[in-house]
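K.L.:
One structure is given below, represented as structure tokens, and several questions about it will come after.
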Amino acid sequence: MPINENLVQEIVQEVMAKMQIADAPTGKHGIFKDMNDAVAAAKKAQAEVRNMSMDQREKIITCLRGKIRENAEVFARMGVDETGMGNVGDKILKHQLVADKTPGTEDITTQAWSGDRGLTLIEMGPFGVIGAITPCTNPSETVLCNTIGMLAAGNTVVFNPHPGAIKTTIYAINLVNEASLEAGGPDNIACTVEEPTMETSAVMMKHKDIPLIVATGGPGVVTAVLSSGKRGIGAGAGNPPALVDETADIEKAARDIINGCTFDNNLPCIAEKEVVAVSSIVDELMHYFINENDCYLASEEEQQKLVDVVLKGGRLNRKCVGRDARTLLSMIGVTVPSNIRCIVFEGPKEHPLITTELMMPILGVVRAKDFDDALEQAVWLEHGNRHSAHIHSKNVDRITRYAKAIDTAILVKNGPSYAALGFGGEGYPTFTIASRTGEGLTAAHTFTKSRRCVMSDALCIR
Ligand code: NAD
């Protein structure tokens, strides 16, 4: 092959890209000391992404999917080690889910009208650089899932992650940028700062080059983002009730509820946080929880001890969030066999372990007189978050009434909560469920601006 200027340039660029990856010490791709520098780098990268074909964006995403699959266990272990929350097995599954099923560029579609007066399209364009705030409960899952969707839509992203998960987040952001460079894209398609704080978050939110902020976390951060004066997507807290009526397959309902509730030690915001069951089947449901699904029945005294530890000083004790049932029980001096995976008890809806979003495998069961009473109590327990709810019933009219009354972004019928994330259910996954602002399960299309493109009196060839 004759050597010409272009070929030399190509070889030099390829070698430079490889050297950048090899030479960069851990924590370099996309990692900055100063938030302003992170935004500037992401802006430069977005100018390149903006001019890429959809096919080039998809190549980066394909490369990233491969890297997430290869690193699923690394991420799972790192997340558990750093945050002390969740369990490695389920976190591996969550990363595999992100890699395999997060929508890419195929989610960017076009609407068209053609007729005598020409052709009109609505196309989905990028916002530019998105500012994203992420939780410590699903740290790398959220960063990776957000990045795939945002990049597919033509954006780049600056994260202000939870400081308690910064190591895991930096690893994820390094991986994203390595995938981009390997696939011929720019560095810094995802960026963050070495030490995220409330101050770096404020700089990001106020920055003139950030037109959209996506917040995944509790009520505080969602309120902060919605008060920023910018467009905000708010994925906030939930307290999902699982309603069980007498028409349900009670044995299956018990199995689904405990599988959903214990997944990653109850960290997912969509997971069953309490049960409301009609009185006639409560005892049967409890029987299946305890005898067939490895649940431990906490006495009143043990419930009080759990309240004292889990809600120490009236506040959620972060040391208990995402811990497994045996660890939680050991904190109140109770030793149980290794198969125990959930703590159950019956109590009123006002019980602090029932009314609070705990994010740990403690599952209170509230007894209701009948379906109407169950519906009313479940709606009360969801606290108007409009986030997630679940129901086990074979009565379609009741399911419809519940769906309308509770009005949540997610409602799983007759299955475990994680079916809503496409895990054992149809549809795509996300770890940013925009409950407060109504976008629901976010994906690439959520991170786009609508643009109308009109050709007058031409290009209609019907
Ligand atoms: P958290 O609210 O403590 O923190 C979330 C993020 O927001 C972190 O990065 C934190 O540093 C930041 N933050 C908190 N207050 C802020 C403020 N006033 N201004 C700016 N940034 C602020 O939540 P967490 O413990 O990391 O995560 C658990 C919570 O997140 C639960 O309530 C859970 O339901 C919710 N969550 C929701 C979704 C969803 O998709 N809707 C997904 C995961 C978690």
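K.L.:
Just a yes or no: is a residue in the stretch 200-208 closer than 30 Å to Y402 by Cβ and part of a loop (DSSP other than H, G, I, E, B)?
P.N.:
No, the stretch 200-208 contains no residue that is closer than 30 Å to Y402 by Cβ and part of a loop (DSSP other than H, G, I, E, B).
K.L.:
Scanning the stretch 91-118 for residues that are small (G, A, S) and surrounded by fewer than 14 Cβ atoms within 10 Å (Cβ to Cβ), which turns out farthest from D264 (Cα to Cα)?
P.N.:
Out of the qualifying residues, it is G115.
K.L.:
Right, another one. Consider R318 against the criteria (1) of a type outside the set (D, E); (2) part of a loop (DSSP other than H, G, I, E, B); (3) closer than 30 Å to R401 by Cα: it satisfies all of them except one. Which criterion is unmet?
P.N.:
(3)
K.L.:
Tally the residues that are surrounded by fewer than 20 Cβ atoms within 10 Å (Cβ to Cβ), touching a residue at least 12 places away in the same chain (Cβ under 8 Å) and near the ligand (Cβ under 8 Å from one of its atoms), restricting the search to the stretch 198-220.
P.N.:
2
K.L.:
Which count do you get for residues in the stretch 294-305 that are of a type in the set (S, T, N, Q) and in a loop (DSSP other than H, G, I, E, B)?
P.N.:
Residues flagged as of a type in the set (S, T, N, Q) and in a loop (DSSP other than H, G, I, E, B) within the stretch 294-305 amount to 1.
K.L.:
Quick one: which strands (runs of 3 or more DSSP E) sit completely within the stretch 376-462 and have at least 3 residues that are surrounded by fewer than 22 Cβ atoms within 10 Å (Cβ to Cβ) and on the phi > 0 side of the Ramachandran plot?
P.N.:
Ranges flagged: none.
K.L.:
If you don't mind, another one. Name every residue in the stretch 249-293 that is within 16 Å of the ligand (Cβ to nearest atom) and assigned to a loop (DSSP other than H, G, I, E, B), in order of residue number.
P.N.:
If the condition is that a residue be within 16 Å of the ligand (Cβ to nearest atom) and assigned to a loop (DSSP other than H, G, I, E, B), then L267, P268, C269, I270, A271, E272, K273 are the ones that fit.
K.L.:
Give the residues of the stretch 221-242 that are more than 9 Å from the ligand (Cβ to nearest atom) and polar (S, T, N, Q), sorted by residue number.
P.N.:
Within the stretch 221-242, S227, S228 qualify.
K.L.:
L226 passes all but one of (1) out of contact with any Gly (no Cβ under 6 Å at 6 or more places or on another chain); (2) at pLDDT below 95; which number fails?
P.N.:
Just one mismatch for L226, condition (1).
K.L.:
When you check K91 against the structure, is it more than 26 Å from V225 (Cα to Cα), basic (K, R), within 14 Å of the ligand (Cβ to nearest atom) and modelled with pLDDT of 95 or more, yes or no?
P.N.:
Yes: the conditions hold for K91.
K.L.:
Just checking, which of N160, N177 is under 16 Å from D34 (Cα atoms), buried (at least 24 other Cβ atoms within 10 Å of the Cβ), of a type in the set (S, T, N, Q) and in contact (Cβ under 8 Å) with a residue 12 or more places away in the chain?
P.N.:
Residue meeting the stated conditions: N160.
K.L.:
Could you tell me which residue of the stretch 54-83 is surrounded by the fewest Cβ atoms within 10 Å (Cβ to Cβ), considering only residues that are farther than 18 Å from T168 by Cβ and of a type outside the set (A, V, I, L, M, F, W, C)?
P.N.:
Top of the filtered list is D55.
K.L.:
Evaluate the stretch 357-371: report whether one residue or more is in a helix (DSSP H, G or I), assigned by TED's automatic domain parsing to the domain that holds E292 and under 11 Å from L243 (Cα atoms).
P.N.:
yes
The values are calculated or read from the model by the stated rules, or taken from the named source; none is laboratory data. Here the structure is a predicted model, which is why all the values come from computation and not from measurement. Reconstructed Cβ throughout: ideal geometry from the backbone, glycine too, with neighbour counts over all protein chains shown.
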